[in-house]
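Here is the structure we will look at, set down as structure tokens.
The values are calculated or read from the model by the stated rules, or taken from the named source; none is laboratory data. For clarity, every value in this text was computed on a predicted model and none was experimentally measured. Methodologically, a virtual Cβ is constructed for each residue, glycine included, from the backbone with ideal geometry; neighbour enumeration extends over all protein chains shown. We work out accessible area using only protein heavy atoms, side chains counted, and drop any ligands, DNA or RNA first. Shrake-Rupley method; radii C 1.70, N 1.55, O 1.52, S 1.80 Å.
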Amino acid sequence: MVLSRNLKNAVIAFLVPLPSIIFYLSFLKHYDSAIATTTASSYDQLYSWCYHHPLLLANALFFFNVNVLFWIIGQFQRSHWLIDPYWTVIPVMLVHYYASHPLAQFACWRSWIVVTLTWVWSSRLTHNYFRRERWQWGEREDWRFTEMSQQYGKQWWWISFFAVYVSQQVFLIALSLPLYIVHSVNKPLSIWDLVAIVVCVCGIVIAYFADTQLYDFVIRNNQLKDLGKPMMPVLDSGLWYYSRHPNYFGEQLWWWGLALFSWSLGYGWSFVGALVNTLCLAYVTRLVEERMLRKEWRAESFRMYQKTTSVWVPWLKSYPSAAKYKKNA
């Protein structure tokens, strides 16, 4: 039963982007004749619009293929799990879309660097997602969506369209604006591109080690629980010794580093995506910490952890490291 469901969800995940992919390939095949003809058919008019509005086309494909299709699938499955793995994949699809659009113009080295970095970021995050989910497809949805479904009850079926999908479009399209700008401006590389590379790589590396340390901590606690031994209430080693959320810090570094690429091309407003993401993570951080404090067996230790450890930016503790955290028997 579990294997059958896992296989079914894997098939759905691989098939679900096909409508956008097929349409875009059709556009690339026919756009030249569509913009050249004077007596355009409805299809030619559509392809001509797609040619002249690459950013609007990206939003249209996202709306119909992700917002609408993913939402319909979520209604049938009673779970909105599909958006989570695709959060890590959509930026890769977008960067290749922007690079291959007929109106694209760019410096080849900058494009190659940004595409490679996006693939590395996506591979790391995708690996972490499936490792955390024990390599299952659609085993569960994000706990925040589950809590919202309980909060909104019978109204969740339509609220989920906006809360889960439309909001994701705003975040992902805004965050990926630097990918669009990099493939819209052809300027030589500068020192700021090197700075952007360093920030992006640091973000990926920090997030990788933070997530790996968190994964090992969860596995170790599960083993202790199975053995009937006391579990560790707080992860306070490695990067987590210096920050309560080093994985969030690394993720923010990645997006701010990506924004540096477009800033160096004269598009400072592209920071809006990274800024919105930072504000969103601030809210998520509060939700996560409130959730931790609701667990009585670790609440006292976590309060002490809050008092002594930086929220995001890794920093020295505010009191001696000899502090001890109580363990739950």
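Observations on the model:
- Among the residues of segment 140-185, those that are out of contact with any Cys (no Cβ under 9 Å at 6 or more places or on another chain), of a type in the set (Phe, Trp, Tyr) and within 20 Å of residue 61 (Cα to Cα) comprise 161, 162, 165, 180.
- Single residue of 208, 152 found to be touching a helix residue (DSSP H, G or I) at 6+ places or on another chain (Cβ under 6 Å), free of Cβ contacts under 8 Å to residues at least 12 places away in the same chain and not aliphatic (A, V, I, L, M): 152
- Looking across segment 13-24 at every residue that is closer than 25 Å to residue 175 by Cβ and part of a helix (DSSP H, G or I), the one that is least open to solvent (accessible area, probe 1.4 Å) is identified as 13.
- Any helices (runs of 4 or more DSSP H) falling wholly within segment 35-126 and containing at least 1 residues that are under 26 Å from residue 260 (Cα atoms), at pLDDT 95 or above and not aliphatic (A, V, I, L, M): 54-61, 83-87, 90-100
- Search result, residues across segment 61-78 that are closer than 11 Å to residue 173 by Cβ and surrounded by fewer than 17 Cβ atoms within 10 Å (Cβ to Cβ): 63
- Scan of segment 188-197 for residues that are farther than 15 Å from residue 252 by Cβ and touching a residue at least 40 places away in the same chain (Cβ under 8 Å), ordered by number: 188, 189, 190, 192, 193, 195, 197
- Filtered by the rule that a residue be of a type in the set (Lys, Arg) and either under 14 Å from the mean Cα position of the chain (by Cα) or not in a helix (DSSP H, G or I) (or both), segment 154-213 gives a lone residue, 187.
- Residues (of a type in the set (A, V, I, L, M, F, W, C) and surrounded by fewer than 20 Cβ atoms within 10 Å (Cβ to Cβ)) located in segment 146-172: 148, 156, 157, 158, 159, 161, 162, 163, 166, 170, 171
- Figure legend. Inter-residue proximity from segment 127-140: first residues in contact (Cβ under 8 Å) with a residue 24 or more places away in the chain and part of a loop (DSSP other than H, G, I, E, B), second residues basic (Lys, Arg) and open to solvent by 80 Å² or more (accessible area, probe 1.4 Å), beta-carbon distance below 8 Å, spacing 6+ or different chains. Indicated pairs: 138/5.
- Breaking point among (1) closer than 30 Å to residue 115 by Cβ; (2) within 24 Å of the chain's Cα centre (by Cα), for residue 266: (2)
- When 238, 266 are checked against the criterion of being in contact (Cβ under 8 Å) with a residue 12 or more places away in the chain and closer than 30 Å to residue 98 by Cβ, 266 stands alone in meeting it.
- All positions within segment 28-43 that are more than 18 Å from residue 105 (Cα to Cα) and either in contact (Cβ under 8 Å) with a residue 24 or more places away in the chain or crowded, with 18+ Cβ neighbours inside 10 Å (or both): 34
- Boolean, residue 223 is under 30 Å from residue 115 (Cβ atoms), modelled with pLDDT of 95 or more, among the polar types (S, T, N, Q) and in a helix (DSSP H, G or I): no
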